[in-house]
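The structure follows.
The values are calculated or read from the model by the stated rules, or taken from the named source; none is laboratory data. All figures in this text were calculated on a predicted structure; none of them were measured in a lab. We place every Cβ from the backbone using ideal geometry, glycine too, and count neighbours over all the protein chains shown. In case anyone asks, the SASA skips ligands and DNA or RNA and just uses the protein heavy atoms, side chains included. Shrake-Rupley method; radii C 1.70, N 1.55, O 1.52, S 1.80 Å.
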Amino acid sequence: MKPVTIHTLASMKQKGEKISALTAYDALMAMLLDKAGIDFILVGDSCATVVQGESSTLPMTMSHTLYHTKIVRKGVQRALLVADMPFMSYQESLSKAIRNAGRLFQQAGVDAVKIEGGAEMAETIQKIARAGMPVMGHLGLTPQSVKQFGGYKLQAATRASADKLIKDARVVQDAGAFALVLEKIPQTLARQVTQALDIPTIGIGAGPHCDGQILVSHDILGLFQAFQPRFVRRYADLASEMSQAFTRYIKDVKDGNFPAPEESYDSEIE
Ligand code: KIV
């Protein structure tokens, strides 16, 4: 079993082979994804919304990210492991950004980190990448800027903002990013960026023309039900299945139907 590297993803783009990616926040989910053959796993800061019950990704911290990434690492053997650098772990200063990226590599064993932002992040991407740590970019609807956007709206839908995104994508590539996430932008723009760049683009709500696709695992499993963006495809309805299992268990306990004799132990001394 050959591990996926950043070079594997680059050659997949060249061969026109689509890249699959999903999120994980714990070892069990990571192991299931890895065994299923996913190309890369992201410890997304979406952990804040789908696991921690927050209303945005902003409360995610470096210690949360280190903890979740360490436990995800235990479940991954083949896939490339990427972690989101959380809000304010890289924006404040270059030295803080490099130090925090380094902690994710040294203490949590990531293969790459993801950073949101365009030209304003070029120097940060460059410094981290030049220190030997692969960086994935993220443009379009960058959730850490949700307060500035005024909600989770479609981005780069005007000519001027689309032109800016294309420029930012080139800057991010030139700064040394090995791949770029494009979130919630028009599909024609995502196609243009994908054709213009040498590095793979990974879409989420960016249409079918990207080199790969990523979604939040809890969304495709129907586990997270607070809201469902149009770009999510549900492959299971685990929230309903779990609720039914919990209700049946509670009833069995209350009715005295659990545990049954075969679920109980006898002592040898009786
Ligand atoms: O935090 C996240 O899960 C992301 C997405 C791209 C899936 O950044």
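So which residues in segment 184-193 are within 16 Å of the ligand (Cβ to nearest atom) and without any contact (Cβ under 8 Å) to a residue 24 or more places away in the chain, if there are any at all?
Ala190
Output the residues belonging to segment 86-107 that are touching a residue at least 40 places away in the same chain (Cβ under 8 Å) and either open to solvent by 10 Å² or more (accessible area, probe 1.4 Å) or within 16 Å of Gly132 (Cβ to Cβ) (or both).
Going through segment 86-107, the residues touching a residue at least 40 places away in the same chain (Cβ under 8 Å) turn out to be 86-87, 103, 107.
Across segment 86-107, the qualifying residues are Phe87, Arg103, Gln107.
If you don't mind, another one. Could you check segment 23-76 and list, in sequence order, the residues that are open to solvent by 30 Å² or more (accessible area, probe 1.4 Å), touching a helix residue (DSSP H, G or I) at 6+ places or on another chain (Cβ under 6 Å) and assigned to a loop (DSSP other than H, G, I, E, B)?
Those that are open to solvent by 30 Å² or more (accessible area, probe 1.4 Å), touching a helix residue (DSSP H, G or I) at 6+ places or on another chain (Cβ under 6 Å) and assigned to a loop (DSSP other than H, G, I, E, B): Asp26, Glu54, Pro59, Lys74.
Also, quick follow-up: Would you mind listing the helices (runs of 4 or more DSSP H) fully within segment 88-202 where at least 2 residues are within 29 Å of Arg230 (Cβ to Cβ)?
146-149, 159-175, 187-196
Further question on the same structure: Select from segment 199-213 the residues that are within 11 Å of the ligand (Cβ to nearest atom) and open to solvent by 10 Å² or more (accessible area, probe 1.4 Å) and write down the one among them that is nearest to Gln187 (Cα to Cα).
So, considering only residues that are within 11 Å of the ligand (Cβ to nearest atom) and open to solvent by 10 Å² or more (accessible area, probe 1.4 Å), the one nearest to Gln187 (Cα to Cα) is Gly205.
Could you check segment 12-42 and list, in sequence order, the residues that are out of contact with any Phe, Trp or Tyr (no Cβ under 9 Å at 6 or more places or on another chain) and among the hydroxyl-bearing types (Ser, Thr, Tyr)?
Step one: list which residues in segment 12-42 are out of contact with any Phe, Trp or Tyr (no Cβ under 9 Å at 6 or more places or on another chain), which gives 12-18, 23-42.
Listed by number, the residues that qualify are Thr23, Tyr25.
Shifting gears a bit: Looking at this structure, is Lys147 closer than 21 Å to Cys47 by Cβ and open to solvent by 60 Å² or more (accessible area, probe 1.4 Å)?
Spelling it out, Lys147 is indeed closer than 21 Å to Cys47 by Cβ and open to solvent by 60 Å² or more (accessible area, probe 1.4 Å).
Among Lys114, Lys164, which is the only one that is surrounded by fewer than 21 Cβ atoms within 10 Å (Cβ to Cβ), touching a residue at least 40 places away in the same chain (Cβ under 8 Å) and out of contact with any helix residue (DSSP H, G or I) (no Cβ under 7 Å at 6 or more places or on another chain)?
Details: Lys114 fails: surrounded by fewer than 21 Cβ atoms within 10 Å (Cβ to Cβ).
The unique qualifying residue is Lys164.
Also, I was wondering about something else. Inspect all residues belonging to segment 239-262 and state whether any of them is open to solvent by less than 50 Å² (accessible area, probe 1.4 Å) and within 16 Å of the ligand (Cβ to nearest atom).
no
I'm checking my understanding of the structure. Among residues of segment 77-107 that are closer than 25 Å to Met1 by Cβ and within 16 Å of the ligand (Cβ to nearest atom), which one is farthest from the chain's Cα centre (by Cα)?
Among residues in segment 77-107 that are closer than 25 Å to Met1 by Cβ and within 16 Å of the ligand (Cβ to nearest atom), the one farthest from the chain's Cα centre (by Cα) is Leu104.
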